[in-house]
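Report on the structure given below.
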Amino acid sequence: MSTSRLAALAQSLASLRRADFERLGKKWGLRGLAVVNVVCAVHLFAEHVGFIHVVSGPSMLPTMSAAGEVVFENRMVSPKSLKRGDLVTYISPLDPTRVVCKRLIGLPGDIICVDPTGRLAPSTEHVVIPKGHVWFIGDNAEMSRDSRQYGPVSMGLIRGKLMAKVWPPTAAGFFRNNFVDIGVEGSEV
Amino acid sequence: MNPLRKGVSSLRQSWKKVKTAYPRLAWTMSAMVWLPTGIAFNEYFYSLKFVSGRSMQPTLNPDDSAWRDVILFDHFSINWLQKFRRGDIVALKSPHEGKLIVKRIVALPGDTIKTLPPYPDAEVRVPEGHAWVEGDEPFRSEDSNYFGPVPLGLIQSKLSVIVWPPERMGALLPPGDPNRPKPLTGPARRRERDEIDRQKRREARVTESPQPRSFQS
């Protein structure tokens, strides 16, 4: 049976003419372009609206585990609308090819203690965050490279904000801002 | 017949009706379908933009030019190839305001640079993942002498070709590059000599790091 099928295929191939090949080429060429177009559309959506991403690395424990979790990133945030306590993704100031996620803890104009533990900087060292910059710290400070090493981060490097965890299903849910206003006069969070 | 197929075939039918009734609208709509490819090309490969302002004089927007320059911006070699070279003119987000500015890369990670006046220190070592950018006209430019080294992540694209005005049309090569055209007379020649002088003065302030740039985080 298979030999007869092969013979039929060979016969149909032999009967193809040049015009047929041209027609086939045009058809599949157009289909290829359409696939490229759809890929571009999905990529643009992911870059400008939002998409899901796999996160890895120990710096955000226990908010996110070191591997295998999937989160939804919102790309439609303006850096000016961010608040203290938000989980923000930004391009690493040390390596332009890496995107990192940390918690925003200081806004422009805030005075911040570089490292209260005194491990990376004397615990008395304070800096004023300059205009257009913010301060980021990983939730797992022991295993994180963040503003304590490289200082305030320009808002131009900010990509988006993490909104929710989608995988694993047992841990799925929205990320909540964990900052609490302790009611110091003249302050607002 | 399954419902999906039914839906598709009814869509085809109505599209045919639109095509015969409003041929111009149908043409516009079928052209719009290719918009994502066009936008992605503009964002990740090449785009044309106006450059305004005087900070890159005399290379861009010289005083004797009646138009604003139109430049071909190359996103591919910055975003994908991560090719940063001293002497390249790049577009970057200003670290304080976030608006797009055009400057020249003077020093790369590991280099040591002698700074110009507004900067507090006389000499700086450019940190890992950062670059030192300056305008060609230091007195009209807010550059690294004002805001310090900038993260490479802020650099968006490289300016590669002047498209307009026609008399300066051509590739944007660093001054002194052997492939640059050598004008023999007039203001173009004076400008060329001036640009080479500036480039030499810039280069004299940089001590290049012996190791090639490395990426670690």
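No lab work stands behind these numbers, since they all come straight from the coordinates. Just so it is clear, the model here is predicted, and its values are computed rather than measured. Here Cβ is always computed from backbone atoms with ideal geometry, including for glycine, and neighbour counts include all displayed protein chains.
Worth a mention:
- Projected onto planes of every orientation and averaged, the convex hull of the alpha-carbon atoms in segment A:2-48 covers 4.8 nm².
- Local net charge near B:GLY176, Cβ-Cβ under 15 Å (Lys/Arg +1, Asp/Glu -1): +4
- Neighbour net charge for B:GLY135 - beta-carbon separation under 10 angstrom, K R +1, D E -1: -1
- Among the lysines of chain A, pairs that are 8 or more positions apart or on different chains and have alpha carbons within less than 19 Å of each other number 8.
- Taking only the alpha carbons of chain B, we obtain Rg and Dmax values of 23.4, 79 Å in that order.
- Relative to the longest principal axis of the Cα atoms of chain A, the long axis of helix A:18-48 lies at roughly 10 degrees.
- Mean residue ellipticity (222 nm) of chain A, computed from DSSP H runs ≥ 4 via -39,500 (n - 2.57), nearest 500: -8500 deg cm²/dmol
- Around the Cα centre of segment B:45-207, unit charges on the Cβ atoms of Lys, Arg, Asp and Glu (plus for the first two, minus for the last two) sum to a dipole of about 280 debye.
- Global geometry of segment B:1-88, whether rounded, prolate or oblate, following the gyration tensor of its Cα atoms and the 1.5 cut on a/c: oblate
- Overall Cα dimensions of the protein assembly as shown, principal axis frame, Å, largest first: 83, 73, 49
- For B:PHE45, A:PHE136, the sequence from fewest to most other C-beta atoms within 10 Å is B:PHE45, A:PHE136.
- Using only side-chain charges placed at the Cβ, +1 for Lys and Arg and -1 for Asp and Glu, the dipole size of segment A:31-172 relative to its Cα centre rounds to 320 debye.
- Radius 14 Å from Cβ of B:LEU159, net charge of other residues (Lys, Arg +1; Asp, Glu -1): +4
- Rg and Dmax of chain A, based on Cα coordinates, read 26.0, 90 Å.
- C-alpha center-to-center spacing [segment B:23-59, segment A:1-50] in angstrom: 29 Å
- B:THR28, B:THR112 arranged by Cβ crowding within 10 Å, fewest neighbours leading: B:THR28, B:THR112
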